[in-house]
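> Let me begin by handing over the structure; questions about it come next.
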Amino acid sequence: MKRIEALRAVVDATSDLPVIATCAATSRELASIEDRDNHLYLLDAMGLAVSVGTGLAQAIEGSAVLRAVVIEGDGSLLMNPGAALTAGYLRPENLVIVLLDNGVYASTASIPTHAQQLDLGRIAEAVDLKVLQVQNTEELALALRQTLSENGPWFIHARTEPGNEPGIELLLIDPVVHGDRFRRWLSQRLHA
Amino acid sequence: MSASTTQDRHREVLRAIIGLAPDGVAYVPSASIAPIIDGALEAQANGDLALVYPVSREEEAMGLVGAYPFAGKFGVIIMQDNGFGNALTALTTFAAAYHLPLLIVANTRGGLGEYNSMIHSISEPVPELLRSANIPVFRVDRRNPPEDWGATVKEAGNHAKMTFRPVTVLMEFYDHKDGKAKA
């Protein structure tokens, strides 16, 4: 499965949930599918998506917003693997991490990552995240359905092909304006 | 008298953190602020603080606590200043860039009373590093009475909320009158 195909599956399942996307090509491809108000693109902040998602999961707990969804890459997670440990330690039941694992730093010339030899799903299991392994968009859609109806914290380990979708535009947006768009979307739903 | 002064500073800082009623407190350990962290954990157990938890590195804390304001919430980070080296990218490109208020309460290292021969290499430039990144820095030391430490922490938290940005308080615990004060 291509990353953009995986992202389409996430978009289809998360129209009314906050989605935090890791930086660079992943955020750009997500925005190219649909640039929705429930998307928070991390425009830089390397390795921070799981931390932000875990913090957001804490912050929305008990509200009308039932899940915080994180789209992370293997290279980004490997830049801050302690984030997975903390997610496992805090165990937010409303956290869904979707790891798009292509084994390379796709945004930086497809240099190989540790994930070519290490199984990040096994690492997630070791820190008490609930791991679902998926290989294609059908399995990813099913996994998302399960994680949105059963308590986590979830870690969907999705294997994707290396490479970026061609012709995707840069995200030339102001982070303050973008963050405020996300905050406004979220605040309207927290007490709905 | 002087032996209790450090304890008084710890107590006032903890009281100020509790007074801010944060929705979460993330911490990275340091011996000199261990009583503040232990006190925060005790406050959580007593129901006086909502959530107090460890993180593996300071940059994690910037992401976790930085996310709170998206949901209208607010958090505090307790750490030591050498950790700003770990945190700087997350602090600047996330919390500062997205205008996310949070309070960082950090003890200083590398100054008077320091036992580590190289930690000053990161700790000394921290205030300038932060200020050059437009992160406000407020400082307290042995010359400030304990209640001023607490007042500074409390108002720094309010300042973060008021100005929609991360704000830091650097606390220098060295005290020549208190042999138990740790760098």
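The values are calculated or read from the model by the stated rules, or taken from the named source; none is laboratory data. Everything numeric here is computed off the predicted structure, so don't read it as measured data. No Cβ is skipped: glycine too gets one built from the backbone with ideal geometry, and neighbour counts run over all protein chains shown. Heads up: the accessible areas ignore ligands, DNA and RNA and are worked out on the full protein's heavy atoms, side chains in. Shrake-Rupley method; radii C 1.70, N 1.55, O 1.52, S 1.80 Å.
> Of the numbered conditions (1) among the acidic types (Asp, Glu); (2) closer than 19 Å to residue B:73 by Cβ; (3) under 17 Å from the mean Cα position of the chain (by Cα), residue A:161 fails exactly one; give the number of that condition.
So the condition that residue A:161 fails would be (2).
> Look at residue A:164 and say whether it is more than 14 Å from every other protein chain (Cβ to nearest Cβ) and open to solvent by 70 Å² or more (accessible area, probe 1.4 Å).
So residue A:164 passes the test.
> Here is a follow-up. Which condition number in (1) surrounded by fewer than 20 Cβ atoms within 10 Å (Cβ to Cβ); (2) more than 17 Å from the chain's Cα centre (by Cα); (3) more than 13 Å from chain B (Cβ to nearest Cβ) is the one that residue A:113 fails?
(1)
> While we're here: Six or more apart or on different chains, Cβ atoms under 7 Å: show the pairs whose first residue is in segment B:16-34 and closer than 18 Å to residue B:101 by Cβ and whose second is assigned to a helix (DSSP H, G or I) and basic (Lys, Arg).
B:16/B:154; B:19/B:154; B:20/B:154
> Filter segment B:140-159 down to residues that are more than 20 Å from residue B:37 (Cβ to Cβ) and not acidic (Asp, Glu), then give me how many there are.
Looking only at that region, the number is 7.
> Kindly check whether there is at least one residue in segment A:40-52 that is small (Gly, Ala, Ser) and modelled with pLDDT of 95 or more.
yes
> Next up: Name the residue that is farthest from the other protein chains (Cβ to nearest Cβ), counting only residues in segment B:45-84 that are more than 17 Å from residue A:53 (Cα to Cα) and over 15 Å from the mean Cα position of the chain (by Cα).
Among residues in segment B:45-84 that are more than 17 Å from residue A:53 (Cα to Cα) and over 15 Å from the mean Cα position of the chain (by Cα), the one farthest from the other protein chains (Cβ to nearest Cβ) is B:46.
> Oh, and also: Is it fair to say residue A:152 is under 16 Å from the mean Cα position of the chain (by Cα), assigned to a loop (DSSP other than H, G, I, E, B) and not β-branched (Val, Ile, Thr)?
Yes.
> List pairs: first in segment A:76-99 and within 13 Å of residue A:53 (Cα to Cα), second open to solvent by less than 10 Å² (accessible area, probe 1.4 Å) and aromatic (Phe, Trp, Tyr), Cβ under 7 Å, 6+ apart or cross-chain?
Within 7 Å, the pairs are A:90/B:53; A:97/A:155; A:99/A:155.
> Please pick out the residue among A:125, A:169 that is away from every other protein chain (no Cβ under 14 Å), open to solvent by 90 Å² or more (accessible area, probe 1.4 Å), closer than 30 Å to residue B:99 by Cα and not β-branched (Val, Ile, Thr).
Being away from every other protein chain (no Cβ under 14 Å), open to solvent by 90 Å² or more (accessible area, probe 1.4 Å), closer than 30 Å to residue B:99 by Cα and not β-branched (Val, Ile, Thr) holds for just one of A:125, A:169, which is A:169.
> Identify all residues within segment A:60-112 that are basic (Lys, Arg) and farther than 20 Å from residue A:13 by Cβ; write none if there are none.
Passing the criteria: only A:91.
> Within the set of pairs 6 or more residues apart or between chains, which connect a residue that is on the phi > 0 side of the Ramachandran plot inside segment A:20-42 to a residue that is open to solvent by 10 Å² or more (accessible area, probe 1.4 Å) and in a helix (DSSP H, G or I) with Cβ atoms less than 9 Å apart?
Close Cβ pairs satisfying both conditions: A:24/A:76.
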